[in-house]
Every structure is written in structure tokens, then in C-alpha cells.
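Below you'll find the structure, written out as C-alpha cells, and then a few comments.
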Amino acid sequence: MNKYSTDVRVFTVLQMARCDENVKAVQRAWQEKFHNKNWPNKRTMARLYAKFKRTGSVEDDKKAMATATATVVTDGAKQVVDDFFAADPTGSVRRAAEMLGIKRTSLQRIMKELELSPYKIQVTQPLNEDHTQRRSEFAQLMLEKLQTGEIDVKKIWFSDEAYFTLDGHLNKQNYRYWGRERPEITVVRSLHPKKFLVWCAISSHGVIFGPIFIDGTLSAANYRKFLDEEFIPFLHGHDLVLGHWFMQDGARPHRMADVFEVLNEHFSDRIIVLDYPSHFQGGIEWPPYSPDLNPCDYYLWGYMKSKVWQTSPTNLPELKPAITTAVDTIDCEACSRVMVGFQNRQTAVLVKDGGHFEPLYH
């Protein structure tokens, strides 16, 4: 292998890892890159790859080949790792370690030296001055009420709806993009995907109610009917109304007078809803454009969709039970941590003067 440059060795090792040591596939990749057939023979490729997995180096170093037992951070190893994540920036550390034959601890050390950072995908909405002011006011008020004990975060029901489609899912909670700069990523979806609209309510005790599958488009009429006939009776049946708060976001069907009347009847002033204070005295106004403050958005849906798509449903009859099973796997301990995150996010909003903040892990 002496006649091959370091760049060629790095390319060969990387392709051996990506192609699961399939020499034919490596040769095709070589042809595509170098436009010739002067590739190393099968034995040379195997020896070079085995040496790299043993020593972390692509250079001719007989001593390293003979004695190394752990990955050595060499320029060759760094180059292979850098090339790997340049080609597959969404690859996990575990997968990279397996494919490159490098111990995970060594790989993480190399990635640190390469200054590769895990960027988390964040979906944001444009905020104007009024939005940021209302977010700041909400955060300040919520922190005060939590600190004084007027509101117990363990007694808030956070609710929301989300679509689950057969298109697949980008899990923003687990998805990471390794790079030196924050990326801009676009996710392409079908125009009319097959899907379910799912409603859930979550608290520090877990998913208190749901999943509820909503047929058709959510309207104020069918939302009120659901509250009246299913959700409210359930809460009363389990003594979960008295002393508890109910939160819902600013979706148009949530903000109709009929819906507010139902909430007022059962929760009185223990309501956290956009526009509610303008209809009834009391309550707290949920700030506009704030999914980053709703545990359903920053935890629940990402977790559930990750679980659902592990089962790879191919049709709606398979998708529905997968969603129900995903809810069953959520434990109280995780939800308790998520509610601590809710408090931390109020502080993050204030630090950013009501603007968007860097993603927090729950």
C-alpha cells in the first residue's frame, strides 16, 4: 500500500466502512471518484481496513500495527471521521463507531478535536415585538406563580393535537446534525399524506388522557363535544379537576366562545389559554407562537413519533395501534423531568427577551 497517498488510503478505509467491506462496492465508488481502475486489490483493502480498526491510522507504521490495542488519534483517523460526517452529518455516534471500527470514546474524542457539534433541529415561527413582549410577560408571571406555590407544575394538564402520517417522521428530539455550523434543513412531505389527528393531555404523572383520534378536521364544534362528552367526565371521574390547571394552545378551534364556556364551567380561573382572559375574568393567557413552551410539542410528539416509526407502519390500520402503544411506554419519571424543563424554559424566554432560545433537552 506504500504507493497510495494518505488521501487515497482514507478514501479506501471510509468506503470499506460504508460498504460493509464489500470490495465490489468499494471499486464502484473508486471508479466514480477517480475515473480509473487502479484500485488496491482485495487483500490490500482488507489489510488497510483491519489496520485502521486496530490502530486508528492509515499510515505505514509497523510499530503501531504490531502493538496498538486501542484507537490512536492520528491525522488519518481524524480525516476518516471528518469525511464520514461530511458525507453523513445525521449519522449517530454509535453507528459511526460501528462502521469505522473505532471505540466510541475515541470517536467522541476525535469529534471534539474536530470541533464537531450536535445541532438539534428547531422549528420556529417569526415573532414580532408584540409576540416577544407577550412571551416575556407570560414567562415572568408563570415563574412568579410557580415560585410562590400559587401554581403547582404537577397540577397542570398540557394539551395539544398533532398529525401522525405515513410519510415518515423527522424526530426533532433525537435528530442531530453533526457539523461546525448550524445547518438549514428542509423536510419534504407529500401534499396529501395519509394521517391521523391525535389529541393528548400530559402532566407530570404521564399522559393523563389520550390518545384521542379526531376524525376529519378539528373544529370548535367537535372539539367542544369531545371536551363535554369525554375529557371533562374523565377528569371528574378521577377527581382530577379540583385544584388542577388546564392548558391549550392558540389553535383557532380552541378559542371559540363555546369552548371557553366549557372550560370556565369546570376550571373557573385555572385556565392557561390564548384569548381566554378577554372572555372571562381570571386565567392566564398562553402566549402566541410558543410551541417551545408546551411539553406536548417539545417532548411528547417527538417521543411518540420516534416510537411509532420504529415499527415502520405501512398503512393506517397499523399506524393507529402503534400510536397507542407509544403512549403506553411513557413513564411518570420522564414526564416529571419534562415539567422541570417547563420551568427552565420560562427562564430561557426571559433571557432572550421573549425571543426563541437555543433548544433545551426537555
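Nothing in this text is a laboratory measurement; each read-out follows from the coordinates by a stated rule. Since the model is a prediction, treat every value here as computed from it, not as a measurement. Backbone-built Cβ (ideal geometry, glycine too); neighbour counts: all protein chains shown.
Cα gyration tensor of region 219-275, axes a ≥ b ≥ c as square roots of the eigenvalues: rounded (a/c below 1.5), prolate (a/b > b/c) or oblate?
oblate
For region 102-108, just list the computed ³J(HN,Hα) in residue order, Karplus coefficients 6.51, -1.76 and 1.60, θ = phi - 60°, integers in Hz, with x standing in for Gly and Pro.
Calculated HN-Hα couplings, in order: 10, 4, 4, 4, 5, 4, 5 Hz.
Kindly give the semi-axes, whole Å and largest first, of the ellipsoid equivalent to region 255-316, taking each as the square root of 5 times a Cα gyration tensor eigenvalue.
For region 255-316, the ellipsoid semi-axes come out as 33, 14, 9 Å.
For a quick check: with amide H placed at 1.01 Å from N, whose amide H comes under 5 Å from residue 204's, ignoring anything fewer than 5 positions away on the same chain?
Those lying under 5 Å, H to H, from residue 204 are 156.
For residue 270, enumerate residues with amide H under 5 Å from its amide H, sequence gap 5+ or separate chain, H modeled in the peptide plane.
none
Enumerate the residues in region 250-268 having an amide nitrogen under 20 Å from the point lying 7 Å beyond the Cα of residue 225 toward its Cβ.
Only 252-263 fall inside the zone, counting backbone N under 20 Å.
Once you place label points 7 Å from the Cα toward the Cβ at residue 38 and residue 212, how far apart are they in nm?
Those two pseudo-labels are separated by 7.0 nm.
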